[in-house]
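See structure below.
The values are calculated or read from the model by the stated rules, or taken from the named source; none is laboratory data. Nothing here was measured: the structure is a model prediction, and the numbers come from that model. Counting neighbours? That spans all protein chains shown, and the Cβs are built from the backbone with ideal geometry, glycine included.
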Amino acid sequence: MLRSRIIPCLLIQDGGLVKTRQFKDPKYVGDPLNAVKIFNEKEVDELVVLDIDAAAQRRAPNFALLKSLAVESRMPLCYGGGVTQAAEAARIIASGFEKVSLSAAALVRPELISEVAQAVGAQSVVVTLDVRKNKFFPGYTVYTRNGQDKQKVDLLDFCRKAVELGAGEIVINSIDRDGEMSGYDLALAKSVRSVVSSPLSFIGGAGSVDDMQALIDEVGIVGAAAGSMFVFKGPYRAVLINYAKPARLS
């Protein structure tokens, strides 16, 4: 039976663990391998690992690092960053990851979604879309390369298309809410849920278990992902790896 998942999201830059705010000013917060060990002990539902520079620098994933993380992990893992070929996705799955996230490359060439689904199975294909709310007109714009490049696609239309092409899950990452710890964009979440019935996750804005509960209450069964909430503690954002779940999960 499907249930909501509470998912820490680790951002990797130059082999280290970092945290951003609105996709800017990455702050080093530790060693990703150590974070995986801690999350093992806390028995998290799933862990997402995103290399934030791989696509921007047009380089392949760091397979050696991914292998070391997979060997250490006792929880389901999803990786995103720099995947442009089905063979790369298959190699990541073979190393011990359960899911591979496609983003920039899937927007450039949507048929990549189908190719990866054929190689590793639709259940292992995630499409992640980084979005920012439009300032002067309704809706949201999709971006790539760490929020630098605007994409001329309609968010909801592309969500539908990604599922039709074989994506097993859609992840929506709010650039506006990234690192702010002020709550998810619930209007965004509900709009995407209205067109996507397959597994759906959201990143950006969670600062407490109450924020996650609000997302679950509004959207239903969903992946509630967060970065800052799980690596910072207190108003001064002291680095402390932690994990908590809402009392009620769909």
Open item on the list: Filter the stretch 153-201 down to the residues that are farther than 22 Å from residue 23 by Cα and in a strand (DSSP E or B) and list them by number.
Closed with: 169
Open item on the list: Could you tell me how many of the residues in the stretch 201-218 are within 19 Å of residue 133 (Cβ to Cβ), among the aliphatic types (A, V, I, L, M) and buried (at least 21 other Cβ atoms within 10 Å of the Cβ)?
Closed with: 3
TODO: Please enumerate the residues belonging to the stretch 130-144 that are over 19 Å from residue 200 (Cα atoms) and surrounded by 18 or more Cβ atoms within 10 Å (Cβ to Cβ).
DONE: 144
Open item on the list: Within the stretch 218-250, take every residue that is touching a Leu at 6+ places or on another chain (Cβ under 9 Å) and of a type in the set (D, E, K, R) and give me the one that is farthest from residue 21 (Cα to Cα).
Closed with: 218
Open item on the list: As an exercise: evaluate residue 72 against (1) over 22 Å from residue 166 (Cβ atoms); (2) crowded, with 18+ Cβ neighbours inside 10 Å and give the number of the one condition it does not meet.
Closed with: (2)
- [ ] Starting from residues that are of a type in the set (Val, Ile, Thr) and either part of a strand (DSSP E or B) or within 16 Å of the chain's Cα centre (by Cα) (or both), keep the ones in the stretch 37-87 and report whichever is farthest from residue 227 (Cα to Cα).
- [x] 83
Task: Leading residue by the ranking (surrounded by the fewest Cβ atoms within 10 Å (Cβ to Cβ)) among those in the stretch 118-129 that are within 18 Å of the chain's Cα centre (by Cα) and over 12 Å from residue 158 (Cα atoms) - done: 123
TODO: Please find, among 241, 216, the residue that is touching a residue at least 40 places away in the same chain (Cβ under 8 Å), touching a Pro at 6+ places or on another chain (Cβ under 9 Å) and not in a helix (DSSP H, G or I).
DONE: 241
Open item on the list: If I filter the stretch 221-238 down to residues being part of a loop (DSSP other than H, G, I, E, B) and more than 18 Å from the chain's Cα centre (by Cα), which single residue comes out as farthest from residue 186 (Cα to Cα)?
Closed with: 236
- [ ] Tell me which residues, restricted to the stretch 150-167, are of a type in the set (A, V, I, L, M, F, W, C), farther than 8 Å from residue 113 by Cβ and either modelled with pLDDT under 95 or out of contact with any Gly (no Cβ under 9 Å at 6 or more places or on another chain) (or both).
- [x] 153, 158, 159, 163
Task: Subset of the stretch 99-114 (residues that are in contact with a helix residue (DSSP H, G or I) (Cβ under 7 Å, 6 or more places away or on another chain) and part of a loop (DSSP other than H, G, I, E, B)) - done: 110
- [ ] Return a yes/no flag: does the stretch 96-103 have any residue that is of a type in the set (Lys, Arg), closer than 27 Å to residue 148 by Cβ, touching a residue at least 12 places away in the same chain (Cβ under 8 Å) and out of contact with any Lys or Arg (no Cβ under 6 Å at 6 or more places or on another chain).
- [x] yes
Task: Single residue of the stretch 219-237 satisfying the filter (of a type in the set (Gly, Ala, Ser) and touching a strand residue (DSSP E or B) at 6+ places or on another chain (Cβ under 7 Å)) that is surrounded by the fewest Cβ atoms within 10 Å (Cβ to Cβ) - done: 228
- [ ] Might you check whether a residue that is without any contact (Cβ under 8 Å) to a residue 24 or more places away in the chain and under 15 Å from residue 4 (Cβ atoms) occurs anywhere in the stretch 184-193?
- [x] no
Task: Residue ID - modelled with the lowest pLDDT, chosen from residues in the stretch 35-69 that are closer than 26 Å to residue 24 by Cα and among the acidic types (Asp, Glu) - done: 53
Open item on the list: Need pairs with beta-carbon distance below 6 Å; first residue more than 17 Å from residue 205 (Cα to Cα) and within the stretch 1-19, second among the small types (Gly, Ala, Ser) and assigned to a strand (DSSP E or B); sequence gap 6+ or separate chains.
Closed with: 17/30
